[in-house]
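To keep things clear, I will list the structure first and then write my remarks on it.
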Amino acid sequence: MNISLPMLLLIVIAVFIAGLIIALLMRRSGGSSVDHGAHVARKHGLERSPEWPRVEHEHRKREPACAACGYKGKHIQVHHVKPFHLHPHLELDPNNLITLCCARGRDHHLLLGHLDSWHSYNEHVRADAKHFHHKSAAQIRADIHWQKKMALRP
Ligand SMILES: [Zn+2]
Ligand SMILES: [Zn+2]
């Protein structure tokens, strides 16, 4: 095979640009986890406030770990105690926020914040984060009090 120098340079540049595009795309799709609150709110015709990223960031600095287990990794989410689609005026209220994890085998955001349905919520999530301290997802699901709450969830 006989490739000229300009052709070789062109190939190198093309490969470099392709790599850059792939890296950008992966960053956009991966990175932070899904915003379930925004998804539910959108169904109710509401969009996140442009102020939300700042408020979320400030809350993460104040409360970096899951309230139920102390987990601090990348599977951390900021949860609204009173859901944003029912109480839009509390979206940016720091007192309405609590840090919960979506770590595998714990799922404290889904199980304690939303009683196993992103469309539901748990107004007593603060007390429950203490009550179910360090419990795994399986232990929470097996708990009779949690099951009763889940059956009566809003
Ligand atoms: Zn939530
Ligand atoms: Zn947790």
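With Cβ to Cβ distances under 14 Å as the rule, what net charge do the other residues near Tyr71 carry (K, R +1; D, E -1)?
Numbers: positive: Arg60, Lys72, Lys74, Arg104, Arg106, Lys135; negative: Glu63, Asp107.
After counting each charged neighbour, the total is +4.
Take His109: with every protein chain present and a 1.4 Å probe, its accessible area is about 10 Å².
For segment 34-69, which GluC sites (Glu not before Pro) are both in a DSSP coil and crowded by at most 16 other Cβ atoms within 10 Å? Intermediate results must be reported in sequence, preceding the final value.
Values: sites: Glu47, Glu51, Glu56, Glu58; in loops: Glu47, Glu51.
The qualifying sites are Glu47, Glu51.
Measuring r between the beta carbons of Val55 and Gln139 and using R0 = 30 Å, the FRET efficiency lands at 0.40. Annotation: the chain has a Kirkwood hydrodynamic radius of 17.7 angstrom, from the mean reciprocal C-alpha pair distance. Calculate, for His44 and Arg153, the FRET efficiency according to 1/(1 + (r/R0)^6) with r their C-beta to C-beta distance and R0 22 Å; round to the nearest 0.05. According to the calculation, E is roughly 0.80. Per residue, segment 36-151 exposes 55 Å² of solvent-accessible protein surface, assessed with a 1.4 angstrom probe and all protein chains in place.
Can you sort Asp143, Asp35 by 1.4 Å-probe accessible area, starting with the largest?
Values: Asp143 35, Asp35 65 Å².
I get Asp35, Asp143, largest accessible area first.
Probe radius 1.4 Å, ligands and nucleic acids ignored: give me the carbon and sulfur share of the accessible area of the chain as a rounded percent. Answer for the chain is 62 percent, counting heavy atoms of protein chains only.
Pick out the long, greasy-scoring helices in the chain: whole DSSP H runs spanning 20 Å or more along their own axis by Cα, mean Kyte-Doolittle at least 1.6. Provide the component values of the computation, followed by the final result.
On the way: long enough: 5-29 (36 Å, 2.31).
Membrane-span-like by this rule: 5-29.
For His44, the accessible surface of its heavy atoms amounts to roughly 110 Å² (probe 1.4 Å, protein chains only, rounded to the nearest 10). Secondary-structure-derived ellipticity at 222 nm for the chain, considering helices only, amounts to -12500 deg cm²/dmol, per-run term -39500 (n - 2.57) for DSSP H runs with n ≥ 4. At the residue level, Trp146 shows approximately 10 square angstrom of accessible surface with a 1.4 angstrom probe and all protein chains present.
The values are calculated or read from the model by the stated rules, or taken from the named source; none is laboratory data. None of the values given here were measured: they were computed from a predicted structure. Don't worry about glycine lacking a Cβ; one is built from the backbone with ideal geometry, like all the others, and counts go over all protein chains shown. Heads up: the accessible areas ignore ligands, DNA and RNA and are worked out on the full protein's heavy atoms, side chains in. Shrake-Rupley method; radii C 1.70, N 1.55, O 1.52, S 1.80 Å.
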